[in-house]
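Below is one structure, written out as structure tokens; the observations come after it.
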Amino acid sequence: MNTAKTTTMGGPAVRRLALFAFAILWLGFGYAPASEATDGYQMPVAAIADLIDAPPPPAVMVSPDNEWMLLLRRPGLPSLEEVAQPEERLAGLRINPRTNGPSRGRYYNGLALKNISDAAEREITGLPENPRIRDVDWSPNGKHIAFTVTGSSGITLWVADVKSGNAAELSPAALNAALGNPYNWLSDNRTLVMRIVPADRSEAPQAPIVPEAPIIQENTGGKAPTRTYQDLLTNAHDEDLFEYLMTAQVELVRLDCKQTSVGRPGIIMSAEPSPDGEYLLVETVHRPFSYTVPYYRFPKKIEVWDLEGNIVHEVADLPLAEDVPMAFGSVRTGPRSVSWRADTDATLHWTEALDCGDAGAEAAQRDRVYILKAPFDGDPTPLITLALRCSDILWGDDNLAIASEWWWKTRRIQAWQVKPGSPEAEPRLIVDRSWEDRYNDPGTPLLRSTKRGTSVLLTANGGRTLFLSGAGASPEGDRPFLDEYDLETLKSSRLFRSEAPYYERPVRLLDVKKRLLLTRRESVDEPSNLFLRDLKKDEIRQLSSFPHPTPQLANVKKELIRYQRKDSVDLTATLYLPPGYTTDNGPLPMLMWAYPQEFKSADAAGQVTDSPYRFIRVGWWSPMLWLVHGYAVLDHTSMPIVGEGDEEPNDTYVEQLVADARAAIDEVVRRGVADRDRIAIGGHSYGAFMTANLLAHCDLYRAGIARSGAYNRSLTPFGFQSEERSLWEAPEVYFAMSPFMHADKINEPILLVHGEADNNSGTYPLQSRRFYSALKGHGAIARLVMLPHESHSYRARESVMHMLWETTEWLDKYVKNAPPR
């Protein structure tokens, strides 16, 4: 069978740009497809619906004193009624105007405490009926737990006492949680800093029925390329509403419920207490706002306040940042990542670019890190100057901090040991590697909680020893580990490594001297549970017994398979076969699921990225749902796009993608588990983009499932995914990679699913609508399902069940029961 489709890659760039221009016009003015209604929301087969409705296990938070585990109960999927609550989409944010909090996100509906020493468990009492709990945080001493509860008209702050197990509302003030967690603990363990809705706030501004003026934007010649953002401000009313909903008042509230105001209201993004509890680091946004970038690039003032709201020091007043260059690694100029050193009383640290923030410019030095001690009346002290872009700093004490840097084009990571108490001391390079090389990842340093509620490096032997934890990638799969790392010799010694048939990862080293390690362990048919390991005595004790949420999958066969592309690039995937299946039953219809990834190294592209021993965990996103409906599943199917040296991966995207797909199909057919004539390809987001491209450029698959994708790259002209070049720099690449431009070549059935409220960068709902129009215009077999109120991920139970019904119907009709070709 001829599996290649003819694609014209040549021709002048002018022709491509002309076609792009036509495409943009058509996207704006093209005809709308006729509506094709169904009889309301549908349900998939019971076996699949039961998997979705299975109760999720609780999340776990360990107390700072390592004595307790907090179990956070999670409800099932929310109803469509809840998802359809009012929502304002402003400057990259989505806000529920009734609660002044995020309009989307998950909640907990119950809390319980489990003692680590004896595994005794008790529920937190005093919670409201059917609570919607978020923003959970331990007090620094571990004696209290703070959290927010969202009601129908607002969000309030609650606190639970660990000793009594009782919870109560701390303040009736409505919190302003539009930017996330609206409070912080002070280090005194009895005071919290809140951002609340001003008590005297008036009614929300109303949109004018008659516009007062045209909407005008002007550029005076400076370059300001921007990626494709969603939910931006669009007019003066949006500006007023953004300011209204974002304005907050800082308040201090004590555990005895005494409450005081601090400073004046403003668009306060954060109010972070210093470790000694004497100051607040306050970031506020101010006008002029922008219609082309999100709120975090608006003008921003960074100040230090005392606890009475007096401005002690101004760190910076940053202008609007519309002109950040588009090269990956470009940043805003001026102080950024301003925060407190975690290991001292009140010392600021921040980073400033030395290359004007332009990652595309040649520069020997990119970033410099500064520190400034209270009372902030001197000049900042340079701590380290970096040749790459600073990513973060982990603090230990005056003799130890670790500063990390990275660079996109080379995929390079470096880590430096510095002495914050002696900034003049020469930094020492301790890590220099490619982040693509998972096999040689030394791990990430463990942190410990301080008495002040901060997190610092966990050390031993007078600061000579660190503890590193990592995924433990290897040719046999991920095997998480814990190492002891000697900073003098730069050598590691292994303390723990996950062993077959389990996947076990370190959670926290509870006691350095006793070598007590808290882990989470799972296997293919055993859900993740908590265990306490005594590494000295080589003993293990189970602390939790969360039940198997989906026992119907307990006998699924899971295998990590390896194979090669025709150019010898190593590939991997995880093969799942239904319970009871053997090859004696003959080949099965298969659903193949993937997400392409770009690499600068073929060796790194071939590394194994999964574990054969992980629990089979399913959700609405999971292709494993169809194991209970007679399908084999190939998940995490390697689809690497490699560009070594000066080559750009996307210059040969289509050719490599088809080669990846062909290799995967050949392997499952060779194994006798899949019928070559009954294989579907699917993916979400960039995986949907991949799906459409594969159907356009080969005939390997019988059908496709494309969820929330982007199909026309002329709508993301200043880069997408890992592509740095603009449309005008690489028009041939944008054309070749856009399945919209090759809709006439798609002759396999494709199901398009998209949330009508998708806010992911680049994946406008318009992308699926117009792609469907193009397909329909060329006579393709296609179906478009738009899910009301859903974003890039789907949340409502009705939406998820209907999407699964659509997918099952499509697969059964065009794959499982399809006639031979």
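Can you list residue pairs whose Cβ atoms sit under 9 Å apart, with the first residue in segment 569-584 being farther than 16 Å from residue 627 by Cβ and the second being among the polar types (S, T, N, Q) and surrounded by fewer than 21 Cβ atoms within 10 Å (Cβ to Cβ)? Count only pairs 6 or more apart in sequence or on different chains.
570/564; 570/607; 571/564; 572/607; 572/609
Just to verify a result, which residue in segment 238-272, among those that are outside any strand (DSSP E or B) and either among the aromatic types (Phe, Trp, Tyr) or open to solvent by 40 Å² or more (accessible area, probe 1.4 Å) (or both), is farthest from residue 178 (Cα to Cα)?
256
On the basis of being without any contact (Cβ under 8 Å) to a residue 12 or more places away in the chain and either closer than 30 Å to residue 640 by Cα or in contact with a His (Cβ under 6 Å, 6 or more places away or on another chain) (or both), does residue 440 make the cut?
Yes, satisfied.
Output yes when any residue across segment 576-583 is among the hydrophobic types (A, V, I, L, M, F, W, C), buried (at least 19 other Cβ atoms within 10 Å of the Cβ) and within 23 Å of the chain's Cα centre (by Cα), and no when none is.
No, every residue in segment 576-583 fails to be among the hydrophobic types (A, V, I, L, M, F, W, C), buried (at least 19 other Cβ atoms within 10 Å of the Cβ) and within 23 Å of the chain's Cα centre (by Cα).
Taking segment 749-770, which residues are within 30 Å of residue 819 (Cβ to Cβ) and surrounded by 24 or more Cβ atoms within 10 Å (Cβ to Cβ)?
The answer is 750, 751, 752, 753, 754, 768.
Would you confirm whether any residue within segment 568-582 is aliphatic (A, V, I, L, M), closer than 25 Å to residue 723 by Cα and either at pLDDT below 95 or not in a strand (DSSP E or B) (or both)?
Yes, segment 568-582 contains at least one residue that is aliphatic (A, V, I, L, M), closer than 25 Å to residue 723 by Cα and either at pLDDT below 95 or not in a strand (DSSP E or B) (or both).
For residues that are outside any strand (DSSP E or B), touching a residue at least 40 places away in the same chain (Cβ under 8 Å) and farther than 21 Å from residue 703 by Cβ, tally how many sit in segment 585-602.
Qualifying residue count for the region: 3.
Filter segment 211-237 down to residues that are modelled with pLDDT under 95 and among the small types (Gly, Ala, Ser) and give me whichever is surrounded by the most Cβ atoms within 10 Å (Cβ to Cβ).
So the residue we want is 224.
Each row is one residue, and each column tells you yes or no for (1) in contact with a Leu (Cβ under 7 Å, 6 or more places away or on another chain); (2) open to solvent by 60 Å² or more (accessible area, probe 1.4 Å).
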position: 772; (1), (2): yes, no
position: 787; (1), (2): no, no
position: 797; (1), (2): yes, yes
position: 805; (1), (2): no, no
position: 809; (1), (2): no, yes
position: 814; (1), (2): no, no
position: 819; (1), (2): no, yes
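Scan segment 114-132 and tell me whether some residue there is without any contact (Cβ under 8 Å) to a residue 40 or more places away in the chain, open to solvent by 10 Å² or more (accessible area, probe 1.4 Å) and in a strand (DSSP E or B).
Checked against the condition, which is being without any contact (Cβ under 8 Å) to a residue 40 or more places away in the chain, open to solvent by 10 Å² or more (accessible area, probe 1.4 Å) and in a strand (DSSP E or B), segment 114-132 yields no hits at all.
Out of (1) touching a Pro at 6+ places or on another chain (Cβ under 8 Å); (2) not in a loop (DSSP other than H, G, I, E, B), what's the single condition that is false for residue 727?
Unmet for residue 727, out of (1) touching a Pro at 6+ places or on another chain (Cβ under 8 Å); (2) not in a loop (DSSP other than H, G, I, E, B): (2).
Being in contact (Cβ under 8 Å) with a residue 60 or more places away in the chain and out of contact with any strand residue (DSSP E or B) (no Cβ under 8 Å at 6 or more places or on another chain) is the filter; apply it to segment 66-81 and report the residue that is surrounded by the most Cβ atoms within 10 Å (Cβ to Cβ).
Checking each candidate, the answer is 77.
Any residue in segment 667-682 that's more than 22 Å from residue 807 (Cα to Cα): show its pairings with residues that are outside any strand (DSSP E or B) and open to solvent by 40 Å² or more (accessible area, probe 1.4 Å) at Cβ separation under 8 Å, as long as the two are six or more apart or on different chains.
That search, which allows pairs on different chains as well, returns 669/587; 671/583; 672/583; 672/587.
Checking residue 662 against (1) assigned to a helix (DSSP H, G or I); (2) open to solvent by less than 30 Å² (accessible area, probe 1.4 Å), which test does it fail?
(2)
Would you be able to say whether some residue in segment 706-720 is in contact with a strand residue (DSSP E or B) (Cβ under 6 Å, 6 or more places away or on another chain), more than 26 Å from residue 567 (Cα to Cα), open to solvent by less than 20 Å² (accessible area, probe 1.4 Å) and assigned to a strand (DSSP E or B)?
Checking segment 706-720: at least one residue is in contact with a strand residue (DSSP E or B) (Cβ under 6 Å, 6 or more places away or on another chain), more than 26 Å from residue 567 (Cα to Cα), open to solvent by less than 20 Å² (accessible area, probe 1.4 Å) and assigned to a strand (DSSP E or B).
So if I check each of 204, 177, which one is under 23 Å from residue 272 (Cβ atoms) and either open to solvent by less than 40 Å² (accessible area, probe 1.4 Å) or modelled with pLDDT under 95 (or both)?
Of 204, 177, the one residue that is under 23 Å from residue 272 (Cβ atoms) and either open to solvent by less than 40 Å² (accessible area, probe 1.4 Å) or modelled with pLDDT under 95 (or both) is 177.
Answer with yes or no whether residue 140 is closer than 19 Å to residue 113 by Cβ and open to solvent by less than 20 Å² (accessible area, probe 1.4 Å).
yes
For segment 632-639, state whether one or more residues are touching a residue at least 40 places away in the same chain (Cβ under 8 Å), outside any strand (DSSP E or B), open to solvent by 10 Å² or more (accessible area, probe 1.4 Å) and farther than 26 Å from residue 470 by Cβ.
No, because not a single residue in segment 632-639 is touching a residue at least 40 places away in the same chain (Cβ under 8 Å), outside any strand (DSSP E or B), open to solvent by 10 Å² or more (accessible area, probe 1.4 Å) and farther than 26 Å from residue 470 by Cβ.
The values are calculated or read from the model by the stated rules, or taken from the named source; none is laboratory data. This is a predicted model, so every value here is computed, not measured. Note: ideal-geometry Cβ built from the backbone for every residue, glycine included; neighbour counts use all protein chains shown. Surface accessibility is based on the protein's heavy atoms, side chains included, excluding ligands, DNA and RNA. Shrake-Rupley method; radii C 1.70, N 1.55, O 1.52, S 1.80 Å.
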